[in-house]
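First the structure, in the form of structure tokens, and then the observations on it.
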Amino acid sequence: MTEQRVTTDVVIIGAGPVGLFAVFELGLLGLKTHLVDILDKPGGQCAELYPEKPIYDIPALPVVTGGELVERLMEQAAPFEPQYHLGQMAEKLEKLDNGNWLLTTDEGMEVEARVIVVAAGGGSFVPKKPPIPGIDGYEGSSVFYAVRKMETFRGKHLVIAGGGDSALDWTLNLQPVAASVTLVHRRPDFRAAPDSVEKMRALAEAGKIKFQVAQIAGLEGEGGQLSGVKLKSPEQGEWVEPCDTLLPFYGLTMKLGPIADFGLNLNENLIAVDTEKFETSVPQIFAIGDINTYPGKLKLILSGFHEAALMAQQAFHYVYPDKKLRFQYTTSSSELQQRLKVA
Ligand SMILES: Cc1cc2nc3c(=O)[nH]c(=O)nc-3n(C[C@H](O)[C@H](O)[C@H](O)COP(=O)(O)OP(=O)(O)OC[C@H]3O[C@@H](n4cnc5c(N)ncnc54)[C@H](O)[C@@H]3O)c2cc1C
């Protein structure tokens, strides 16, 4: 558990393209931001679902891949020094007596802020669970769907399951740390980057890992502690692969998650907002990007950018109730240029 407490002006839930651009718009107005995302990298859907696909409808960028767009948004946000808290689920939101909000993550980190911006897109990315009987009883003790700290797996006997990039990357990264690694995939071919597949095959040939073409039929163990994974294949029949840890990587799916319990008005799992400030039914809490709904909403990145700009105006008034907000252009305002660190 991280267990740490920080205070800032605005906490943004979701580091997708819209959350990243919100850092920029809030930063221009002098507001500091922290971002929380369950993914281990910024970029939301662009980074997780289509990093290499070209996008053609970002203004002034005739073509940009999902991955490049995220890089550019991070570069644009960088002068405002956003603090990223990745690999953490924004779990609980409480109002404090001083008028601020306190957001707690599943890692026990607390962020206190005057304003909350929900930029949670289609919801949090959560792992797809394999339909293995009894797997729930081992979760968190012997079965893990993500690697948050490699050290957790030092000296362990691992079975890693899956055929995508996560399964292959963690096979390669954990091999030097673990006592043993067995990669299990139901087919001999992979969806992962060819380079990783080649490296994995070289490790298997050198006897440093095992690769089994098989399906997981069941788990063996007691009291949440695995002793082996039952595998089966048409060629080899059924057998038990001894291990103390199973890491299944069967992809991610999106779920609204804990945001459903934040007490905000929802409309078919989307957060209802006004179109002047993009504020929710609860003052000081805003929702921008794919997660919000209003008449005429288009789930496009450019809509989220516009929403971020308008949200920031109202967020400023919450953080600085006594200050006047002057409308300024980045081309001509030396104040904005100083904040951008270009003047
Ligand atoms: C294949 C594909 C192609 C697309 N092509 C285009 C296109 O050409 N043009 C276009 O404009 N749009 C396109 N889109 C849509 C575009 O990707 C979305 O509109 C955009 O990603 C929305 O951005 P966002 O920041 O609102 O949310 P997201 O990108 O969904 O990011 C939200 C982030 O919030 C995180 N999160 C949610 N809840 C929590 C929580 N409780 N705790 C921690 N983290 C949380 C999630 O993990 C996620 O990283 C495409 C989408 C897909 C899937």
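Can you work out which of the residues in segment 304-338 that are open to solvent by less than 60 Å² (accessible area, probe 1.4 Å) and free of Cβ contacts under 8 Å to residues at least 60 places away in the same chain is farthest from Val23 (Cα to Cα)? Within segment 304-338, the match that is farthest from Val23 (Cα to Cα) is Ser333.
Given the structure, is Asp189 of a type in the set (D, E, K, R) and either outside any loop (DSSP other than H, G, I, E, B) or farther than 23 Å from Trp239 by Cα (or both)? No.
Please verify whether segment 49-60 includes one or more residues that are within 12 Å of the chain's Cα centre (by Cα) and not charged (D, E, K, R). Taking every residue of segment 49-60 in turn, at least one turns out to be within 12 Å of the chain's Cα centre (by Cα) and not charged (D, E, K, R).
The residue of segment 223-262 that is nearest to Ala178 (Cα to Cα), among those that are open to solvent by 60 Å² or more (accessible area, probe 1.4 Å) and in a loop (DSSP other than H, G, I, E, B), is Tyr250. Would you call Glu276 surrounded by 14 or more Cβ atoms within 10 Å (Cβ to Cβ), more than 16 Å from the ligand (Cβ to nearest atom) and modelled with pLDDT of 95 or more? Against the criterion (surrounded by 14 or more Cβ atoms within 10 Å (Cβ to Cβ), more than 16 Å from the ligand (Cβ to nearest atom) and modelled with pLDDT of 95 or more), Glu276 does not qualify.
In the condition set (1) more than 14 Å from the ligand (Cβ to nearest atom); (2) surrounded by 16 or more Cβ atoms within 10 Å (Cβ to Cβ), Arg154 is compliant with all but (2).
Restricting attention to segment 42-62, the residues that are open to solvent by 70 Å² or more (accessible area, probe 1.4 Å) and not aromatic (Phe, Trp, Tyr) add up to 7.
Assess whether Lys299 counts as being within 16 Å of the ligand (Cβ to nearest atom) and open to solvent by 20 Å² or more (accessible area, probe 1.4 Å). Outline the logic, then answer.
Values: within 16 Å of the ligand (Cβ to nearest atom): yes; open to solvent by 20 Å² or more (accessible area, probe 1.4 Å): yes.
For Lys299, the condition - within 16 Å of the ligand (Cβ to nearest atom) and open to solvent by 20 Å² or more (accessible area, probe 1.4 Å) - is met.
Would you confirm, using the coordinates I've provided, whether Ile38 is open to solvent by 20 Å² or more (accessible area, probe 1.4 Å), within 11 Å of the ligand (Cβ to nearest atom) and touching a residue at least 40 places away in the same chain (Cβ under 8 Å)? In short, yes.
Every condition in (1) more than 10 Å from the ligand (Cβ to nearest atom); (2) of a type in the set (A, V, I, L, M); (3) out of contact with any Gly (no Cβ under 8 Å at 6 or more places or on another chain); (4) over 26 Å from Asp261 (Cβ atoms) is met by Val64 except one, and the failing one is (1).
Name the residue, out of Ala178, Ala120, Ala113, that is modelled with pLDDT of 95 or more, more than 17 Å from the chain's Cα centre (by Cα) and within 16 Å of the ligand (Cβ to nearest atom). Selected residue: Ala113, the only one of Ala178, Ala120, Ala113 that is modelled with pLDDT of 95 or more, more than 17 Å from the chain's Cα centre (by Cα) and within 16 Å of the ligand (Cβ to nearest atom).
Taken together, the criteria place Pro127 among residues that are within 14 Å of the ligand (Cβ to nearest atom), open to solvent by 30 Å² or more (accessible area, probe 1.4 Å), in contact (Cβ under 8 Å) with a residue 60 or more places away in the chain and closer than 30 Å to Gln215 by Cα.
Only one residue in Ala167, Ala161, Ala192 is buried (at least 18 other Cβ atoms within 10 Å of the Cβ) and farther than 23 Å from Lys230 by Cα. Which one?
Working: Ala167 fails: farther than 23 Å from Lys230 by Cα; Ala161 fails: farther than 23 Å from Lys230 by Cα.
Selected residue: Ala192, the only one of Ala167, Ala161, Ala192 that is buried (at least 18 other Cβ atoms within 10 Å of the Cβ) and farther than 23 Å from Lys230 by Cα.
Of all the numbered requirements in (1) more than 7 Å from the ligand (Cβ to nearest atom); (2) part of a helix (DSSP H, G or I); (3) under 24 Å from Leu325 (Cβ atoms), Val18 misses one, and that requirement is (1). Screening Leu86, Leu102, Leu73 for residues that are away from the ligand (no atom under 11 Å from the Cβ) and within 21 Å of the chain's Cα centre (by Cα) leaves exactly one candidate, Leu102. Of all residue pairs spaced 6 or more apart or on separate chains, none has beta-carbon atoms under 7 Å together with a first member in segment 243-269 that is free of Cβ contacts under 8 Å to residues at least 12 places away in the same chain and a second member that is outside any helix (DSSP H, G or I) and loosely packed, with under 13 Cβ neighbours inside 10 Å. Screening Gly251, Gly289 for residues that are farther than 30 Å from Gly140 by Cα, of a type in the set (Gly, Ala, Ser), touching a Ser or Thr at 6+ places or on another chain (Cβ under 9 Å) and within 16 Å of the ligand (Cβ to nearest atom) leaves exactly one candidate, Gly289. Among the residues of segment 270-291, those that are touching a residue at least 60 places away in the same chain (Cβ under 8 Å) and out of contact with any helix residue (DSSP H, G or I) (no Cβ under 6 Å at 6 or more places or on another chain) comprise Thr280, Ile285, Ala287, Asp290, Ile291.
The values are calculated or read from the model by the stated rules, or taken from the named source; none is laboratory data. Please read all numbers here as calculations on a predicted model, not as lab measurements. Note that we place each Cβ from the backbone using ideal geometry, even for glycine, and neighbour counts take in every protein chain shown. Each accessible area value is taken on the protein alone, full model and side chains, heavy atoms only, with ligands, DNA and RNA left out. Shrake-Rupley method; radii C 1.70, N 1.55, O 1.52, S 1.80 Å.
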